[in-house]
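To start, the structure under review is shown below, and the notes come after it.
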Amino acid sequence: NTRINKKKAYLRRLNELKVKDMEDELKKLHKKDYYMNKIIDAMKDIRVKDYENIINPTSKLTYIVNLADLHVGAYFENDINSYSLDEFRSRMKEYADFVYSEMILFPPERIIVSNLGDSINGIINQSNRIEAECGVIDSIVVATEEIASFLKHLSYFGEVEYYNVYGNHSKIHKDKILNIEEENLERLITWGLSSIFSNSNRIKIHPAKDVIGFEVYKKL
């Protein structure tokens, strides 16, 4: 009877563990859906800023403008430097003004904006989440809003093409094996931009990928 009772207890415990594993996996799936649904709802409130009037191109020049490591949501302050949402917005505006001043001198016909990844600070590292100024949902919304304003700013000079490569900070899982492209949060930024500029004749948004390439002056 003791052996039988121990065996029954073992089987019950084994079944409980299996159920717990299933529940944990279901919670993970619900967590992903939660982020996706909240971000999609938040995207509806995005407002793109206007800068200047449209300028007709006077040349066949192509500009390649790079964005990289925006890390929206990160927050730190020390004696050497500081970073926050306000600082991010300020730097994006400063960068847009700099590019604008260059294009005033040599107006382009075509503008390629290449985002090299890590637009958000992400959720894969616990330290990043603790030190973040805002959650991942707000980070994605702010990044999308400012990038959209940046693209619209440049579009006054000519046609803008936007490319985005995945960054490691936009992954959901730490484990590389568990990560798949469809769950990369950087895709939500390009999805939001595509929605914002769906009726634009001057701005084309390409889906985020792990590798990007584009042709310039008939060379890839």
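The values are calculated or read from the model by the stated rules, or taken from the named source; none is laboratory data. What you see is a predicted model, and the numbers here were worked out from it, not measured in a lab. When we count neighbours, we look across all protein chains shown, and the Cβ atoms used for this are built from the backbone with ideal geometry, even at glycine. Accessible surface is based on the protein model in full, side chains and every heavy atom, while ligands, DNA and RNA are left aside. Shrake-Rupley method; radii C 1.70, N 1.55, O 1.52, S 1.80 Å.
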Once both label points are put 7 Å beyond Cα along the C-beta direction, the residue 41-residue 64 separation in nm becomes 4.2 nm
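How far, in nm, would the chain grow between residue 78 and residue 217 when pulled straight, counting 0.36 nm per residue and subtracting the alpha carbon separation?
Numbers: separation 139, 0.36 × 139 = 50.04 nm, distance 4.43 nm.
45.6 nm is the gain from fully extending residue 78 to residue 217.
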With all protein chains in place and a 1.4 Å probe, residue 186 shows an accessible area in Å² (nearest 10) of 0 Å²
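Below 13 angstrom from the Cβ of residue 116, what's the summed charge of the other residues (Lys, Arg +1; Asp, Glu -1)? Working shown, then result.
Working: positive: 209; negative: 69, 118, 186, 210.
Net of charged neighbours comes to -3.
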Under a 1.4 Å probe, counting only protein heavy atoms, residue 89 has an accessible area in Å², nearest 10, of 80 Å²
Probe 1.4 Å, all chains present, heavy atoms only: residue 211 accessible area in Å², nearest 10, is 100 Å²
Of the stretch 133-169, those with amide N under 14 Å from the point 7 Å along the Cα→Cβ vector of residue 209 are 162-166
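Can you give the net charge of the other residues whose Cβ lies under 9 Å from the Cβ of residue 204, counting K and R as +1 and D and E as -1? Please report the intermediate quantities before stating the final value.
Details: positive: 202; negative: 159, 161.
Result for the neighbourhood of residue 204: -1.
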Too long for a 26 Å Cα-Cα cut-off, among 44/219; 93/204; 44/209, are 44/219
